[in-house]
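I have placed the structure first, in the form of structure tokens, so that the comments after it can refer back to it.
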Amino acid sequence: MTYNALENKIASWTTERDALVKDMKAMLDGAAFNNKEFSEVKAKQLIKDAQDLLHQVSTCAADIASCAL
């Protein structure tokens with residue numbers, strides 16, 4: 001039960017991480033290679049979202065029992 005719950009959490013985090021990476025890469029590539037505007041507001045939101053995700057993962061790693069519920 002705990003194993004499956006953790007596997008599901010990891011899969012969810014991976015999906016969220018991949019979406020963040022896709023948005024970050026698109027923003028950076030657009031600014032660097034396609035002369036697109038770089039939005040500092042959007043960049044800061046992506047950074048905050050990534051930090052929030054990292055916090056979730058770190059919190060779970062520190063207390064796996066409560067994380068798997």
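The values are calculated or read from the model by the stated rules, or taken from the named source; none is laboratory data. It should be emphasised that the depicted structure is a prediction, and the values quoted were computed from it without experimental measurement. Positions of Cβ are backbone-derived with ideal geometry, glycine not excepted, and every protein chain shown enters the neighbour counts. Surface accessibility is based on the protein's heavy atoms, side chains included, excluding ligands, DNA and RNA. Shrake-Rupley method; radii C 1.70, N 1.55, O 1.52, S 1.80 Å.
Report the calculated FRET efficiency for A65 and E16 (r = Cβ-Cβ distance, R0 = 30 Å), to the nearest 0.05.
With R0 = 30 Å, the Cβ-Cβ based efficiency is 0.85.
Mind checking the per residue accessible area of the chain for me, 1.4 Å probe, whole number of Å²?
Counting only protein heavy atoms, the per-residue value for the chain is 79 Å².
According to the Kirkwood expression over distinct Cα-Cα pairs, how big is the hydrodynamic radius of the chain, in Å?
13.6
Among N8, A65, A31, whose Cα projects farthest towards the positive end of the dipole of the chain, with charges put on the beta-carbon of Lys, Arg (+1) and Asp, Glu (-1)?
A31
How high is the relative contact order of the chain, in percent, with contacts defined as C-alpha pairs under 8 Å that are six or more residues apart?
48
Excluding residues fewer than 8 places away in the same chain, name every one of the lysines whose C-alpha is closer than 30 Å to that of K36.
K22, K25, K44, K48
Can you list residues whose amide H is under 5 Å from K36's amide H, if they're 5+ apart or on another chain and H is modeled 1.01 Å from N?
A31
Under a plain spin-label model, where a point goes 7 Å from the Cα along Cα-to-Cβ, how far apart in nm are I47 and A26?
With each label point 7 Å from Cα toward Cβ, the separation is 2.1 nm.
By per-residue mean of other Cβ atoms within 10 Å, what is the highest-first order of 31-38, 2-9?
Packing order, densest peptide first, comes out as 2-9, 31-38.
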